[in-house]
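The values are calculated or read from the model by the stated rules, or taken from the named source; none is laboratory data. As the structure is a prediction and not an experimental result, all values here were calculated from the model. Here the Cβ positions follow ideal geometry from the backbone for every residue, glycine too, while neighbour counts run over all protein chains shown.
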């Protein structure tokens with residue numbers, strides 16, 4: 001039962017193959033098994049590739065099954081259309097388009113399985129790329145907020161500088177009136193005289209201004225810090241909202257690009273493996289000697305070809321004979337006086353009727 005199934009997979013004519021030897025049947029069963037298992041691998045590869053796209057088992061299996069059936073049909077067609085000829089060069093030329101098609105199919109089948117085989121290595125490359133994208137994304141978003149934050153920091157520093165300058169002025173006034181009281185500067189008279197009181201009042205006024213400036217400045221700084229905090233929250237929110245896009249950066253194209261970052265030799269050998277599997281039925285047909293099935297198939301096709309050629313020749317002969325007979329018949333009829341007289345009589349009557357009809361129509365017009 002399994003042998004018959006594989007023979008059907010080979011695309012051979014079962015009517016002819018069932019009358020062939022057991023060895024010939026085994027050869028085509030082997031070719032059919034290669035076609036079948038290549039389709040199974042195509043199903044697995046397509047299902048995994050589609051799962052990375054749809055992230056759904058049922059959808060992936062459904063479309064993977066369709067792809068596997070398509071590959072099965074193509075391989076079966078390729079193998080069944082290769083006919084054994086007397087020259088290997090003619091066979092190779094006949095099979096060359098099919099070999100090119102098999103190479104394309106091998107590439108399509110091998111790539112998804114490479115993604116699965118090197119999944120861990122690909123995940124590592126994707127992780128590095130995601131980290132780089134995360135840093136680049138943060139830097140890109142930061143460029144949108146940096147000018148505003150820098151302007152706020154500059155304004156805060158300006159306000160603090162004004163307070164510092166005012167503190168320095170108050171401290172200088174304090175030192176001045178203390179030096180006046182101690183007699184070290186100014187009038188150099190020890191004690192709290194009129195000059196001391198004047199300088200003390202000037203200091204106290206500046207100190208009151210400093211307190212007022214500090215309070216107003218603190219309010220402005222608090223407001224600016226709140227704006228800065230809002231910008232920081234907006235930055236964090238934008239980074240958080242864009243992060244899922246980076247986290248989902250593991251689709252089919254991303255994985256293929258990540259695979260290209262890995263050493264090429266292992267992937268190349270996997271491709272060669274699937275290329276060998278995909279082209280093995282074709283080369284099995286090319287390299288195998290002309291067997292019993294090929295002779296019987298050639299005989300069957302030759303029989304049909306001869307029969308068709310005979311029918312075409314027979315139809316051509318019948319047509320030529322019929323034309324010759326018709327020519328002779330009409331030639332003989334043209335020489336008969338009776339047929340001439342009868343046709344002359346009919347023509348005379350037709351002319352009379354035409355003349356009468358013309359006269360009647362002319363009368364009606366008048």
Contact list, first residue from the range 162-180 and loosely packed, with under 15 Cβ neighbours inside 10 Å, second anywhere and modelled with pLDDT of 80 or more and assigned to a helix (DSSP H, G or I), beta-carbon distance below 7 Å, six or more apart or interchain, is 162/213; 162/217
Can we say residue 277 is at pLDDT below 80 and in a helix (DSSP H, G or I)? yes
Looking only at residues in the range 42-59 that are surrounded by 16 or more Cβ atoms within 10 Å (Cβ to Cβ) and at pLDDT below 80, which one is farthest from the chain's Cα centre (by Cα)? 42
Would a scan of the range 300-313 turn up a residue that is in a helix (DSSP H, G or I) and surrounded by 13 or more Cβ atoms within 10 Å (Cβ to Cβ)? yes
List the number of the failed condition for residue 226; all other conditions in (1) in a helix (DSSP H, G or I); (2) in contact with a helix residue (DSSP H, G or I) (Cβ under 6 Å, 6 or more places away or on another chain) hold. (2)
